[in-house]
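Student: Questions regarding the structure given below will be posed in turn.
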Amino acid sequence: MTLKIAPTSDGRRQRSERSQVAIVEAALTLISEEKQVPTAQQIADRAGVSIRSFFRHFADMDALFLSADEMLGASYETLFAVSDRSGTLSQRISHAVELYGNAFEQLSDLILCTQALAWRFPALQARYAYHQKRLRNELELWLPEVATSLRTQREAVHAVASFEMWHRLREHQRLSQKSCHEIIRGLVTDLLANR
């Protein structure tokens, strides 16, 4: 994923911003390619900067990942952006499940890395919790019926529509995206039919 920075007239500041973006992009590339949490040294090597330069831009790994989250904010928005949430309950469930599944496919490595690191970094935990809340709100915009369901059904729908469910079906049960969509759509439909 390529990150864009706004041009600035200060050459030194531009170079600094380019270095920061290169470091963030290197981290994201390593996460995507290696399916691991990269070290600061690995990221610096990939970005073509010294480890000293890395820590001049980012005080620690927490700062790096928070910066990555901020830079990717617009990309997250586009993954969930829709102009029309109308339709029957069945159609809206279908659209929401497809939208979430496609987003989870693209963000899977980043989410797994965040989960792996969150226990060490309180700020990263807070950002992860923020995104989880946004996903819940987004789902309830698609399916206002969820918000008016009994608490047990509401929480079950959010669990079924979660990344953790998607990841389990895709990685542990080795199912295709199409099968995952069908399973999650069916479970959400069943849960909302019994409200």
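The values are calculated or read from the model by the stated rules, or taken from the named source; none is laboratory data. All of these numbers come straight from a predicted model, not from anything done at the bench. Neighbour counts are summed over all protein chains in view; Cβ atoms, including those assigned to glycine, are modelled from backbone coordinates with ideal geometry.
Student: Looking at this structure, is Phe54 within 28 Å of Ser149 (Cβ to Cβ) and either buried (at least 17 other Cβ atoms within 10 Å of the Cβ) or touching a Cys at 6+ places or on another chain (Cβ under 9 Å) (or both)? If you could, list the steps in order and put the result at the bottom.
Tutor: Values: within 28 Å of Ser149 (Cβ to Cβ): no; either buried (at least 17 other Cβ atoms within 10 Å of the Cβ) or touching a Cys at 6+ places or on another chain (Cβ under 9 Å) (or both): yes.
No.
Student: Go over the candidates Ser75, Ser86, Ser32, Ser9 one by one and state the one that is at pLDDT below 80, exposed (fewer than 13 other Cβ atoms within 10 Å of the Cβ) and out of contact with any His (no Cβ under 7 Å at 6 or more places or on another chain).
Tutor: Values: Ser75 fails: exposed (fewer than 13 other Cβ atoms within 10 Å of the Cβ); Ser86 fails: at pLDDT below 80; Ser32 fails: exposed (fewer than 13 other Cβ atoms within 10 Å of the Cβ).
Exactly one residue qualifies, and that residue is Ser9.
Student: What helices (runs of 4 or more DSSP H) lie completely within segment 120-178 and have 1 or more residues being within 14 Å of the chain's Cα centre (by Cα) and surrounded by 11 or more Cβ atoms within 10 Å (Cβ to Cβ)?
Tutor: Values: elements: 122-142, 144-147, 151-160, 163-167.
Helices (runs of 4 or more DSSP H) meeting the threshold: 122-142, 163-167.
Student: Regarding Leu112, is this residue in the same structural domain as Leu175 (by TED's automatic domain parsing), under 30 Å from Glu145 (Cβ atoms) and either in contact with a helix residue (DSSP H, G or I) (Cβ under 8 Å, 6 or more places away or on another chain) or surrounded by 18 or more Cβ atoms within 10 Å (Cβ to Cβ) (or both)? Quick ask: steps written out before the conclusion?
Tutor: Working: in the same structural domain as Leu175 (by TED's automatic domain parsing): yes; under 30 Å from Glu145 (Cβ atoms): no; either in contact with a helix residue (DSSP H, G or I) (Cβ under 8 Å, 6 or more places away or on another chain) or surrounded by 18 or more Cβ atoms within 10 Å (Cβ to Cβ) (or both): yes.
Answer is no for this residue.
Student: Let me ask something additional. What's the number of the only condition in (1) surrounded by fewer than 18 Cβ atoms within 10 Å (Cβ to Cβ); (2) modelled with pLDDT of 85 or more; (3) of a type in the set (S, T, N, Q) that Ser16 fails to meet?
Tutor: The failed condition is (2).
Student: Residue under question is Thr114, and the condition is that it be in a helix (DSSP H, G or I) and either touching a Phe, Trp or Tyr at 6+ places or on another chain (Cβ under 7 Å) or charged (D, E, K, R) (or both); does it hold?
Tutor: Against the criterion (in a helix (DSSP H, G or I) and either touching a Phe, Trp or Tyr at 6+ places or on another chain (Cβ under 7 Å) or charged (D, E, K, R) (or both)), Thr114 qualifies.
Student: Which members of segment 36-72 meet the condition of being β-branched (Val, Ile, Thr), under 30 Å from Tyr100 (Cα atoms) and not in a loop (DSSP other than H, G, I, E, B)?
Tutor: Ile43
Student: Inside segment 40-51, can you point out the residues that are surrounded by 13 or more Cβ atoms within 10 Å (Cβ to Cβ) and out of contact with any Leu (no Cβ under 7 Å at 6 or more places or on another chain)?
Tutor: Let us first name the residues in segment 40-51 that are surrounded by 13 or more Cβ atoms within 10 Å (Cβ to Cβ), namely 40, 42-47, 49, 51.
Hits for segment 40-51 are Ala40, Ala44, Asp45, Ala47, Val49, Ile51.
Student: Moving on to the next point. Out of Ser94, Ser90, Ser75, Ser108, I need the residue that is part of a helix (DSSP H, G or I), polar (S, T, N, Q) and touching a Ser or Thr at 6+ places or on another chain (Cβ under 7 Å). Which one?
Tutor: On the way: Ser94 fails: touching a Ser or Thr at 6+ places or on another chain (Cβ under 7 Å); Ser75 fails: touching a Ser or Thr at 6+ places or on another chain (Cβ under 7 Å); Ser108 fails: touching a Ser or Thr at 6+ places or on another chain (Cβ under 7 Å).
Answer to the selection: Ser90.
Student: So if I check each of Val37, Val24, which one is under 27 Å from Tyr130 (Cβ atoms), modelled with pLDDT of 85 or more, crowded, with 17+ Cβ neighbours inside 10 Å and not aromatic (Phe, Trp, Tyr)? Before you say what the answer is, go through the steps one by one.
Tutor: Numbers: Val37 fails: modelled with pLDDT of 85 or more.
Exactly one residue qualifies, and that residue is Val24.
Student: While we're on this one: Quick check, is Val97 surrounded by 15 or more Cβ atoms within 10 Å (Cβ to Cβ), more than 30 Å from Ser179 (Cα to Cα) and of a type in the set (Val, Ile, Thr)?
Tutor: Working: surrounded by 15 or more Cβ atoms within 10 Å (Cβ to Cβ): yes; more than 30 Å from Ser179 (Cα to Cα): no; of a type in the set (Val, Ile, Thr): yes.
Answer is no for this residue.
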